[in-house]
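Rule-based calculations on the coordinates, nothing more; no lab input. Note that the structure is a prediction, hence the values are computed from the model and not measured. Cβ: placed from backbone, ideal geometry, glycine included. Neighbour counts: every protein chain shown.
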Amino acid sequence: MKKLLLLLFSIIILPVSVNASDVYYCAEDASVGFDYEENLKSKIFNEDKFKIMIDFENKNVTSSDLFLDASAVPQSCFYNTSHSTLYCSNALGKGFSINKINLNFHTSKIYNRVDQIDDIFISYGTCEKF
């Protein structure tokens, strides 16, 4: 009976614990960029707050707030072990990086197309586990 319970525990609980994704709440300290409607005049943007799911082990981030979702838009991430930083970007020009040690982040939007209508920006701030 003990072996059966151990097997059942291993099948049900262990796969859940292997998933290293955590949800973080992040707040920008500053955001600057270029306003497309004003002929790309430089501008200070309002700071934003957002939630993001980060999986450092599997090198993945997901945030509907930032339009970062590999299941919806092609995205790639890599982890720089020498700086403990996860870097991600997608096909819509969204970029996100976060340092695993101090949870400081940078985010950007550099979507670039002929019929450009989106602003260009870069922001920084900090995250904490939600």
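Only Lys, Arg, Asp and Glu count, each charged at its Cβ (+1, +1, -1, -1), so figure out the dipole size of the chain about its Cα centre, rounded to 20 debye.
Details: 12 positive and 16 negative charges, 159 e Å.
So the dipole magnitude of the chain works out to roughly 760 debye.
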Study note, to complete from the structure: So Asp69 and Glu57, fully extended at 0.36 nm per residue minus their Cα-Cα distance, gain in nm 2.6 nm
Check your understanding: Tally Lys and Arg at +1 and Asp and Glu at -1 over the other residues with C-beta under 15 Å from the C-beta of Ser76: what net charge comes out?
Key -> 0
Review point. Which ³J(HN,Hα) values, rounded to whole Hz and listed in residue order, are derived for the range 73-89 from phi using the Karplus coefficients 6.51, -1.76 and 1.60 in 6.51 cos²θ - 1.76 cosθ + 1.60 with θ = phi - 60°, glycine and proline given as x?
Key: 9, x, 8, 9, 9, 9, 10, 8, 5, 6, 10, 6, 10, 9, 10, 9, 8
Study note, to complete from the structure: Residues whose modelled amide H sits under 5 Å from the amide H of Leu68, counting only those 5 or more places away in sequence or on another chain, are Ser63
**Study point:** Under-21-angstrom lysine pairs by C-alpha in the range 9-130, whenever the two are 8 or more apart or on separate chains
**Key:** 19
**Study point:** Signed unit charges on C-beta, dipole axis of the range 29-129, positive-most listed residue Phe67, Asn46, Leu103
**Key:** Leu103
Revision key, fill the gap. Highest GNM mean-square fluctuation among Leu86, Leu40, Leu68, for the chain with Cα springs under 10 Å, belongs to Leu40
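Would you kindly state how much longer the chain becomes between Asp48 and Lys129 on full extension, computed as 0.36 nm times their sequence separation minus their alpha carbon distance, in nm to one decimal?
Details: separation 81, 0.36 × 81 = 29.16 nm, distance 1.69 nm.
Taking Asp48 through Lys129 to full extension adds about 27.5 nm, to one decimal.
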Point to revise | Residues whose placed amide H lies under 5 Å from that of Asp119, excluding near-sequence neighbours | key: Tyr36
**Study point:** Using alpha-carbon coordinates, inclination of helix 2-18 to the longest axis of the chain, degrees
**Key:** 10 degrees
Exercise for review: Under a 10 Å cutoff between Cα atoms, tell me which one of Thr107, Thr81, Thr62 has the largest fluctuation in the Gaussian network model of the chain.
Suggested key: Thr81
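Which net charge results when you count Lys and Arg as +1 and Asp and Glu as -1 among the other residues whose beta-carbon is under 13 Å from that of Tyr87?
Numbers: positive: Lys59, Lys94, Lys100; negative: none.
Overall, the nearby charge balance is +3.
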Review point. Non-local amide H neighbours of Asn60 (under 5 Å, H modeled in plane, Pro and chain starts lacking H): which ones?
Key: Asp55
Point to revise | Value of [θ]222 nm, deg cm²/dmol, for the chain, DSSP H segments ≥ 4, -39500 (n - 2.57) each, nearest 500 | key: -4500 deg cm²/dmol
